[in-house]
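Engineer: I have a structure here, written as structure tokens, and I will follow up with some questions on it.
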Amino acid sequence: MEQLVFYVFAAVLLFSATMVIAVRNPVHAALFLVLAFFNSAVLWIMAGAEFLGIVLVLVYVGAVMVLFLFVVMMLDINIAKLREGFIKHLYIGIPVAGVMVLQMLLVIGSGAFAPASMPEATMPIPEGAANTPLLGSVLYTVYVLQFELAAVILLVAIIAAVMLTLRRREGTRHQDPAKQVRVKREDRVRLVDIPGRRKPEKE
């Protein structure tokens, strides 16, 4: 039963990954990518790596792909213009794709990923224990320096992205909070004296 479930989810994963690059609508491609992430998470959980499966669903499906969908749906993307050079560059893309497939087949067929050639685990997981707490204990003790360095690099990337977004551009309007605080009533309100007019009396 476990092998049958594996083949079913693997087949759906291959189908959704193919549809990501085959469909014309970018929104449909993003939805197929969400389906591919879900099936990959199931395969990770079946392999005993439940932490990676949960992270794949929470981070990629719950955050990254939702952001992709919002960006793709809000932007007015001209699909015809994007696909103008598809046929023109097809004679280059097909040989490159063939070379990549050949390289992957050579690597897989070399036996380097066979179970017998894999090195023994230096810290084997006890029987019945979840790998999430064990991974956390190793990450925050043995590899805490690498973890903190990665956090600092991501923080610098976030700050750089914010600074690039907030740079001054010509023709854009920006708020000046200091000017808004110093505003007076005379700057915002103008009293106009309008002469009144009597309503004509009815006969």
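Engineer: Please list, in chain and number order, the residues 5+ apart from Ala49 or on another chain whose amide H is under 5 Å from its amide H, with Hs placed from the backbone.
Structural biologist: So Ala49 has HN proximity to no qualifying residue.
Engineer: Next question, about the same structure. Return the distance in nm (one decimal) between the two label points of a simple spin-label model at Met104 and Leu135, each offset 7 Å from Cα along Cα→Cβ.
Structural biologist: That separation, rounded to one decimal, is 2.3 nm.
Engineer: Ratio of the range 1-80's C-alpha Rg to 2.2 N^0.38 Å, to two decimals?
Structural biologist: Dividing the Cα radius of gyration by 2.2 N^0.38 Å gives 1.21.
Engineer: Something else now. Say R0 is 45 Å: what FRET efficiency, to the nearest 0.05, do Ala178 and Val71 get from their beta-carbon distance?
Structural biologist: 0.85
Engineer: Please list Leu106, Leu43 from largest to smallest accessible area, probe radius 1.4 Å, with all protein chains kept in place.
Structural biologist: Details: Leu106 115, Leu43 35 Å².
In descending accessible area the options line up as Leu106, Leu43.
The values are calculated or read from the model by the stated rules, or taken from the named source; none is laboratory data. Not measured: the values here are computed from a predicted model. Every residue, glycine as well, gets a Cβ built from its backbone with ideal geometry; the counts of neighbours run over all protein chains shown. Each accessible area value is taken on the protein alone, full model and side chains, heavy atoms only, with ligands, DNA and RNA left out. Shrake-Rupley method; radii C 1.70, N 1.55, O 1.52, S 1.80 Å.
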